[in-house]
1. Expressed as a whole number of Å, what is the distance separating the alpha-carbon centroids of the stretch 114-143 and the stretch 368-408?
2. Compute and list, largest first, the equivalent-ellipsoid semi-axes of the stretch 373-442 from the alpha carbon gyration tensor, each √(5λ) rounded to a whole angstrom.
3. Percent antiparallel among DSSP beta bridges with both residues in the stretch 301-419, to the nearest 5?
4. Divide by every residue of the chain the summed helix terms, -39500 (n - 2.57) for each DSSP H run of at least 4, and state the resulting mean residue ellipticity at 222 nm, rounded to the nearest 500 deg cm²/dmol.
5. Distance from the Cα centre of the stretch 426-459 to that of the stretch 170-203, in angstrom?
6. Between 0 and 90 degrees, rounded to the nearest ten: what's the tilt of helix 202-212 against the longest Cα principal axis of the chain?
7. Within 10 Å, count the other beta carbons around each residue, average over each peptide in 408-419, 304-315, and list them highest first.
8. Could you pull the Cα extents of the chain along its three principal axes, largest to smallest, in whole Å?
């Protein structure tokens, strides 16, 4: 049982203190109330320097992902739906000339942000950025909020969303135990973050969290689709839900007082035995943005280490694809199950590794599929790839993203490389601004990347987020 916790002070704009069973002295701790009052108290000034810097990097990368995603089918389809449905508004669909209302901008940008698997992953919580950053950016543009409000809300959203996923068993636990795609829990992170930008009081946070639960879910069956449409859309829908729930609460709609901790609430439905403690202990001291991973190829994250290992062997030994008789790939079992022979090419290890070997790597702008499917060299290489669980990796990093690749050559020799963490992993070498500049310079040729980097580095000094978001506007052509 949770007892006597020190309460945080609500923000200056939060005039409605949250009255709970705990404050009345009539019952158990109100989990939602603790989250609400903590969230309403947060500020960018309280964040450590490394957390602020990580947040700035994440914001730049995720916004760029959405603009880039407009070149891919899921982004185009989502925009074609969201813009007429949302109607006229002030919020950008990044990378386009369209503007619409905040919930629908969040939907379009969140979907585009995950459209080609270039958005960041997380060591605990799937793909938080495609949901949280785009929910926050949309509501910030709607509010004409400052850059420090944007940064603080993103850090907050990551913290709450990832804590909820951890409280429910982590990405793989939620998948195997509940048959659910854990990213749907980032809806609550997006909701709390949107409430913070709106500067709501704690009671409104609680109402918004309850209202959000009616708008988001995700069965793991989505991984069985063929074209990465609904897998992209789910992140957009979670962003939509977070923004719309915050706006509903701001308009006076109400919900369950403790939707997280109540009997038959979220933690009762999906949480582990210690879920409440996992969710609230140490709030403000365990910033989830520090566990964010950055991607540098357009593939599901378990694929990255295998591609990196293969490219290292090919480069170091100057191997030609025709010299390879077989490709043995080992990875942790959990990761293998995500990417083994999927119909969606960019979360299929065999497709993405086969393409990388034949092409000599991947470039973000050049999606190899479906054109490469008819290439005899690709077909032959794909057939030589044998993916299996790696007992050593299973023992050392059961939930990790490492991989071992062994090339069996036609002369009988074997050449191996193991990568424990691919480039961009939060436990590896730190990612900096030059890495993101290099990532996006080729992929977004119409965007002033140097300006994007410069403004992102000082995002918390902006008087209006408009200055950052307008960088993604298409070039204007003279008549």
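Laboratory data are not the source of any read-out in this text; all were calculated from the coordinates shown. Here the structure is a predicted model, which is why all the values come from computation and not from measurement. Neighbour counts are summed over all protein chains in view; Cβ atoms, including those assigned to glycine, are modelled from backbone coordinates with ideal geometry.
1. Answer, in whole Å: 28.
2. 28, 21, 12
3. 70
4. -15000 deg cm²/dmol
5. Taking the Cα centre of the stretch 170-203 as reference, the centre of the stretch 426-459 is 27 Å away.
6. With rounding to tens, the tilt is 50 degrees.
7. Averaged packing, sorted descending, gives the order 304-315, 408-419.
8. Sorted from largest, the Cα extents of the chain read 77, 64, 38 Å.
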